[in-house]
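The values are calculated or read from the model by the stated rules, or taken from the named source; none is laboratory data. Because the structure is a prediction, the values reported are computed rather than measured. All Cβ positions, even for glycine, are placed from backbone atoms using ideal geometry, and neighbour counts span all protein chains on display. Calculation scope for accessible area: heavy atoms of the full protein, side chains included, ligands and nucleic acids excluded. Shrake-Rupley method; radii C 1.70, N 1.55, O 1.52, S 1.80 Å.
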Amino acid sequence: MSAASDTFLLIRDIKPGLKNLNVIFIVLEIGRVTKTKDGHEVRSCKVADKTGSITISVWDEIGGLIQPGDIIRLTKGYASLWKGCLTLYTGRGGELHKIGEFCMVYSEVPNFSEPNSEHVGQNKL
């Protein structure tokens, strides 16, 4: 592994359009399951680290395995806007690994997934 892939980004440093993100966070809440037209299950989960919270969109089977309190390492994720809100995704080839549970310092504020006027001009949806 190169040194670059060993660096983890803090949630406060995540911006729309960033790719190849490595982030460690604790799962705070699991949203309800929605189904896409082609039958995929999607869950929006609220996650946090010591710098704030963000929503991550988790697809299919892996979403059913995540529980509140899990500490997760995301590799090769990306950030984008969904309905004007900053959202984290698992990228192609990206992975979520549970690395612990319950023992992590975190802050729910600021919530970087709240609608933000700075992002309005960047929203292409």
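Of all aspartates and glutamates in the structure, the ones whose alpha carbon falls short of 12 Å from that of Lys35, not counting any fewer than 8 places away in one chain, are Asp60.
Can you pull the percent of the stretch 15-101's accessible area that's carbon plus sulfur, 1.4 Å probe, other chains left in place?
Answer for the stretch 15-101 is 51 percent, counting heavy atoms of protein chains only.
Evaluating 6.51 cos²θ - 1.76 cosθ + 1.60 at θ = phi - 60° for every residue in the stretch 53-69, the Karplus couplings come out as 10, 7, 8, 10, 9, 10, 9, 6, 4, 4, x, x, 8, 7, 10, x, x Hz, glycine and proline recorded as x.
Its DSSP H runs of at least 4 residues, each contributing -39,500 (n - 2.57), put the calculated 222 nm mean residue ellipticity of the chain at -1500 deg cm²/dmol, to the nearest 500. Of the whole protein surface, Lys15 contributes about 100 Å² of accessible area at a 1.4 Å probe radius. For Lys50, which lysines qualify as cross-link partners when the Cα separation must be under 26 Å and same-chain residues fewer than eight apart are set aside? Once the sequence-local lysines are set aside, what remains near Lys50 is Lys15, Lys19, Lys76, Lys83, Lys98. Using the 1.4 Å probe convention, the accessible area of the stretch 15-101 works out to 52 Å² per residue with neighbouring protein chains retained. When the charge dipole of the chain is built from unit charges on Cβ atoms (+1 for Lys and Arg, -1 for Asp and Glu) and taken about the Cα centre, the candidate among Gly31, Ala48, Asn20 whose Cα reaches farthest toward its positive end is Asn20.
The listed residues Arg73, Arg43, Arg12, Arg92, once ranked by accessible area (1.4 Å probe) with the largest placed first, stand as Arg92, Arg12, Arg73, Arg43. For P(r) over Cα pairs in 5 Å bins from 0, in percent, pick the label among (i) 2, 10, 17, 20, 20, 17, 10, 3, 1, 0; (ii) 2, 9, 16, 18, 17, 13, 9, 6, 4, 3, 2, 1, 1, 0; (iii) 2, 11, 21, 25, 21, 13, 5, 1, 0 that corresponds to the value derived from the coordinates. It is the one labelled (iii).
Full extension of the chain segment joining Cys103 with Lys15 gains 29.0 nm, where the gain is 0.36 nm per residue of separation less the Cα-Cα distance. When Ile62, Ile54 are compared by accessible area of protein heavy atoms, the largest-first order is Ile62, Ile54, using a 1.4 Å probe. Net charge in the neighbourhood of Gly63 (other residues with Cβ under 15 Å of its Cβ; Lys, Arg +1, Asp, Glu -1) is -1.
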